[in-house]
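Notes to accompany the following structure.
The values are calculated or read from the model by the stated rules, or taken from the named source; none is laboratory data. Note that this is a predicted model, so its numbers are computed, not measured. Cβ atoms come from the backbone with ideal geometry, glycine included; neighbour counts cover every protein chain shown. Areas reflect the complete protein model, heavy atoms only, side chains present, ligands, DNA and RNA absent. Shrake-Rupley method; radii C 1.70, N 1.55, O 1.52, S 1.80 Å.
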Amino acid sequence: APACAWARARTRAVAPLLGLLLALSAAVGREHERERERLIGWQGEVQRGQHQHVDDGEASTRALACQEHPNTELWGDVVVWGDGHVVPSAEACCDACKRSHAEHQRRRGGGGKGCNTWVWCAAAEGCGRRAHGECWLKHNKRPQAVVASASAGVPWTSGLVLDAASLEQREREQAQRREEAERRRNDPANPRVFFDIEIDGAYAGRLVFVLYATDAPRAAENFRALCTGEKGVVPAGREGAGRRYHFKGNRFYRIIDNFIDQAGANTESVFGGHFKDDPGGLALRHDRPGLLSMANMGPDTNGSHFSIVVAPAPHLDGHYTIFGEVVEGHDVMRAINRLANKKHDTQPLGVALIADSGQLPAA
């Protein structure tokens, strides 16, 4: 009897606490639903492929513009998860982001994480484990797009939501960067060099590079001399002693799918030891396939190793010196990248050999 009385007393004492916990849980659930509706700017439950849009903020969405990037996946903090949000087109995904952005501006005064970046699965067969039509709404804190991957094989279409003034400014900046890239390609002071590539013993083609001698003079000259082999043999006591300062005969030893093809001469730099970063090269962006970027172990530790960037890699910006780009042979670059071993990036699925290298005569 005393034990039963004790149990009843304990139950009476715990019951109010359990009731309070259940009430708090229900309140949190209701707040979660309200927050979800505030974030995406829609009323009611989001159903796959069918959405009921609120009318508020429609006028402000018309003041926004979408900048679309096919075959591109953009980074950002997730505002709306795509696995429960399927729409029929990239335009519909962008419209959803615009509504979210406008509604968030109206409710929050512009702070927090409204949508400014969207990612839509364009491939009919899906995007890996993601279904066709999934629309991911994201928020990017940085003023420029942050590219996760971009190449012909990327099944996503992405974009930014911008107001008219921001879109105009962004287009001006992009046009300026294109003009600067064209200047570097055509600058007569920038030498051109080549690799003849063999894959598993068969000739695969030629890579031709232009080196940015004006923007990254140290890195460009180091690479040029390693292409020609003109510096001879590494002296005793130095890194790579007895080997030639020459890319010829070396292989691409690290290949990462849709990221980089990496190789080197397995020597110190042609200047002896490491050399400093070029400020001009560090200021350039890893924003497109084919760029040449120095490999290093930290600031000012450049030697004879380099990467060919196969897709935009903004996380490398400011850490690795860009000193040139592929101007012929993008197909060869991609053929090398297809050797990537996704389990071990330093154990490629084949041998990509620099069978010959040198400098081309000035045009």
Checklist entry - Ignoring ligands, DNA and RNA, what percent of the 1.4 Å accessible area of the range 61-200 is carbon and sulfur? => result 48
Item to check | Neighbour-limited loop hits for trypsin sites (Lys or Arg not before Pro), the range 264-347 (at most 10 other Cβ within 10 Å; DSSP other than H, G, I, E, B) | outcome: K342, K343
Checklist entry - How large is the dipole of the range 67-171 about the Cα centre if only Lys and Arg carry +1 and Asp and Glu carry -1, each at its Cβ, rounded to the nearest 20 debye? => result 480
Checklist entry - Among rounded, prolate and oblate, which fits the range 315-363 when a ≥ b ≥ c are the square roots of the eigenvalues of its C-alpha gyration tensor, a/c under 1.5 means rounded, and a/b larger than b/c means prolate? => result oblate
Checklist outcome for this item: Residue span D83 to A124: 0.36 nm per residue of separation minus Cα-Cα distance leaves a gain in nm of 13.2 nm
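With r defined as the distance between the Cβ atoms of A165 and F271 and R0 fixed at 41 Å, what FRET efficiency is calculated, to the nearest 0.05?
Once rounded, the FRET efficiency stands at 0.30.
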Checklist entry - Under a point-charge model restricted to the Cβ atoms of Lys and Arg (+1) and Asp and Glu (-1), what is the dipole moment magnitude of the range 202-241 relative to its Cα centre, in debye to the nearest 20? => result 80
Checklist entry - Taking a probe of 1.4 Å, how large is the accessible area per residue of the range 223-308, in Å²? => result 40
Next on the checklist: Once you place label points 7 Å from the Cα toward the Cβ at L360 and N341, how far apart are they in nm?
Outcome noted: 3.3
Checklist outcome for this item: The simple spin-label model distance between R288 and T301, using points 7 Å out along Cα→Cβ, in nm, is 3.1
Checklist entry - Which percent of Cα pairs goes in each bin when the distances of the range 129-177 are cut into 5 angstrom slices starting at zero? => result 4, 14, 23, 24, 19, 11, 5, 1
